[in-house]
């Protein structure tokens, strides 16, 4: 209980700019493996949704494996890059305040934006802010180790198997902690993990099919009944694919047995992999056309518009979190942010009539005629 007592004493201390953060004192679990299969996922979900004694340990292991999938990485990077690249301003009385805006042009804020996206993926997330410089500005922030947070009672736990520890309490800012999402939210990875598991099995079956039928099988017919001679012929037949040839008697017959699908036997696995990739893309960004090849420009444009809508929705959620929750957190830690300050992403602003007119572009349709393309966001008119 020594470590737990130290954490309790630390939680009672007044926050200091140079104080050690609580994540440094929890016991992070050793790397562990989990079998990525549907039965394991169902069991992990049942444990996480247990109303009396939930456990997220196994589910987080599955999530950790799922986020390493190449399609998940690509789609996540697309979303995060758009969020981090979005211009923003901080206003006071509807006028941009450059000094306040510059407070957020820092590495910690770019990382915080990424964590907001990660919270959509993982569900309930606790952010821990790091040290502050001589001006009181934070230098970093990171996700508090997920296995050391027990969402059921919002406790910091020393061991990943514990069910009680240090309550985050009604003022997480005192512990330099910032919560995102609801404690019962399991995130998009609940559904994404299913597609990652199906995809892994399809890839495995595809590899097994290639190994089994990638090389022709050889059939050697012989009248020899000499054991030594038969052993030589068996060895030659076994090494046929490796050597590319074999020597037999003139009376022996040699045939090859190949895949009867004429090279298309892999398509059943390929189609399954592509379907899983599409489902992952739709779960994260609502579309597939911006990452995969499309036959028609019009189809790609529709998918791009859907991605823009997903992006705008994320910006609006993040903007609300900043204005109503992050600003009070920062004020608690000494940031001089006026009560009437407002964080804003300009691209969410309704367009003026002139801007709508400038946004109209000439886009020839299939008949060579001109058609107009206007604003994509419904709140822009």
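Figures for the structure shown
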quantity: Of the criteria (1) at pLDDT below 95; (2) under 23 Å from residue 323 (Cα atoms); (3) in contact with a strand residue (DSSP E or B) (Cβ under 9 Å, 6 or more places away or on another chain), which one residue 10 fails; calculated: (2)
quantity: Among residues of the range 25-63, those that are loosely packed, with under 14 Cβ neighbours inside 10 Å and modelled with pLDDT under 85, counted; calculated: 5
quantity: Options 191, 164, 160; residue that is in contact with a helix residue (DSSP H, G or I) (Cβ under 8 Å, 6 or more places away or on another chain) and assigned to a loop (DSSP other than H, G, I, E, B); calculated: 160
quantity: In the range 52-100, residue nearest to residue 120 (Cα to Cα) [restricted to those that are part of a loop (DSSP other than H, G, I, E, B) and touching a helix residue (DSSP H, G or I) at 6+ places or on another chain (Cβ under 8 Å)]; calculated: 67
quantity: Some residue of the range 86-94 being modelled with pLDDT under 95 and either touching a strand residue (DSSP E or B) at 6+ places or on another chain (Cβ under 7 Å) or over 30 Å from residue 43 (Cβ atoms) (or both); calculated: yes
quantity: Condition met for residue 98 (within 24 Å of residue 312 (Cβ to Cβ), touching a strand residue (DSSP E or B) at 6+ places or on another chain (Cβ under 9 Å) and surrounded by fewer than 20 Cβ atoms within 10 Å (Cβ to Cβ)); calculated: no
quantity: Count - residues of the range 125-148 that are surrounded by 20 or more Cβ atoms within 10 Å (Cβ to Cβ) and either without any contact (Cβ under 8 Å) to a residue 24 or more places away in the chain or in a loop (DSSP other than H, G, I, E, B) (or both); calculated: 1
quantity: Selection count where residues are surrounded by 15 or more Cβ atoms within 10 Å (Cβ to Cβ) and without any contact (Cβ under 8 Å) to a residue 40 or more places away in the chain, scope the range 71-94; calculated: 1
quantity: Tally, over the range 101-121, of residues that are without any contact (Cβ under 8 Å) to a residue 24 or more places away in the chain and part of a helix (DSSP H, G or I); calculated: 3
quantity: Strands (runs of 3 or more DSSP E) lying entirely in the range 268-381 (those with 1 or more residues that are over 26 Å from residue 195 (Cβ atoms) and modelled with pLDDT of 75 or more); calculated: 341-344
quantity: Qualifying residue in the range 173-180 (condition: at pLDDT 95 or above and closer than 30 Å to residue 277 by Cβ); calculated: yes
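The values are calculated or read from the model by the stated rules, or taken from the named source; none is laboratory data. Since the structure is predicted, the reported quantities are computational estimates derived from the model, not experimental observations. Positions of Cβ are generated from backbone atoms using ideal geometry, with glycine treated the same way; all protein chains shown enter the neighbour counts.
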